[in-house]
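In what follows, a single structure is set out as structure tokens and then discussed.
The values are calculated or read from the model by the stated rules, or taken from the named source; none is laboratory data. The model shown is predicted, which means the values in this text are computed figures rather than measured ones. So basically every Cβ, Gly included, is an ideal-geometry build from the backbone, and we count neighbours across all protein chains shown.
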Amino acid sequence: MTHFSAGELSDKSRVEAFSDGVFAIALTLLVLEIHVPRLAAPVTCGALLLALAQLWPSLLAMAASFFVVLSMWYTHHDLMHWVRGVDKCFLFANGFLLLIVSFVPFPTAVLSEYLNTPARAGAVALYCGTFFFVAVAHLLLLRSIIANRRLLHTDVPAERVATVQRAYLFGPLAYLLLLTLSFRRPWFALILTFAMWILWLALDYGSRARHPRTNPG
């Protein structure tokens, strides 16, 4: 039988630090997709303002994805309050989630480039499809915790785990439906995709304040 030692608990801190770093890099990359407009001579204030206004797809995509990645970080942070140690399954599930997080800037760039064109449906489909994999990754991460109950703090209520699991099971199906909808109603699918993250933020994990961060000696 495997028991978690102080050294193993320190692995949780390393996972959190590494994960926070990946989230931070993903957020930074989103901003880098906004480029300063180049103006032909003669350069005027009006021309600059018009060029900046034409950046609205990039600004919208960046702001939306920033909110989404920030929401992903917040839910990941809350979920980590449940965990007192990690195993290999958890590490690989967490790694898969971080892989998708690091990919988010790419569909964001595609969305900003083609949102205001006849190809917007394809761009929105790629965007929604990315979050289908995000939902799958969250589900796998939760399942890795449930599969080894020793990962959980003992005072995390079973009914709370069941509630979060039901929500995570709903996620992939919801994003799959949004992916299908994106080809017919891209704007509607995009709005619902953003609204889904408000629901994830409202999901109460509970017990979040009871488990102070372990400080490995």
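For the reader, a short list of remarks on this structure follows.
- The listed residue being assigned to a loop (DSSP other than H, G, I, E, B) and more than 26 Å from residue 187 (Cα to Cα), out of 93, 41: 41
- Within segment 130-157, residues that are under 14 Å from residue 170 (Cβ atoms) sit with their Cβ atoms under 8 Å from residues that are among the aromatic types (Phe, Trp, Tyr) and surrounded by 18 or more Cβ atoms within 10 Å (Cβ to Cβ), at 6+ positions apart or across chains, in these pairs: 131/175; 132/175; 134/175; 135/168; 135/175; 138/168; 139/168; 142/168.
- Every residue from segment 165-193 that is surrounded by fewer than 15 Cβ atoms within 10 Å (Cβ to Cβ) and aromatic (Phe, Trp, Tyr): 170, 183, 187, 188
- Count of segment 6-30 residues which are at pLDDT below 85 and either under 27 Å from residue 106 (Cβ atoms) or loosely packed, with under 14 Cβ neighbours inside 10 Å (or both): 2
- Residue match in segment 150-162 (condition: touching a helix residue (DSSP H, G or I) at 6+ places or on another chain (Cβ under 6 Å), crowded, with 18+ Cβ neighbours inside 10 Å and either at negative phi or part of a helix (DSSP H, G or I) (or both)): yes
- Count of segment 70-87 residues, restricted to those that are over 8 Å from the mean Cα position of the chain (by Cα) and assigned to a helix (DSSP H, G or I), is 7.
- Taking segment 76-112 as the range and being buried (at least 18 other Cβ atoms within 10 Å of the Cβ) and among the hydroxyl-bearing types (Ser, Thr, Tyr) as the test, the residues that pass are 108, 112.
- The set of residues from segment 31-54 being loosely packed, with under 10 Cβ neighbours inside 10 Å and closer than 19 Å to residue 109 by Cβ comprises 35, 36, 38.
- Condition met for residue 65 (under 17 Å from the mean Cα position of the chain (by Cα), of a type in the set (S, T, N, Q) and closer than 19 Å to residue 174 by Cβ): yes
- Boolean, residue 131 is surrounded by 15 or more Cβ atoms within 10 Å (Cβ to Cβ) and under 16 Å from the mean Cα position of the chain (by Cα): yes
- Candidate set: segment 90-119, residues that are more than 25 Å from residue 21 (Cα to Cα) and hydrophobic (A, V, I, L, M, F, W, C); chosen: the one farthest from the chain's Cα centre (by Cα): 119
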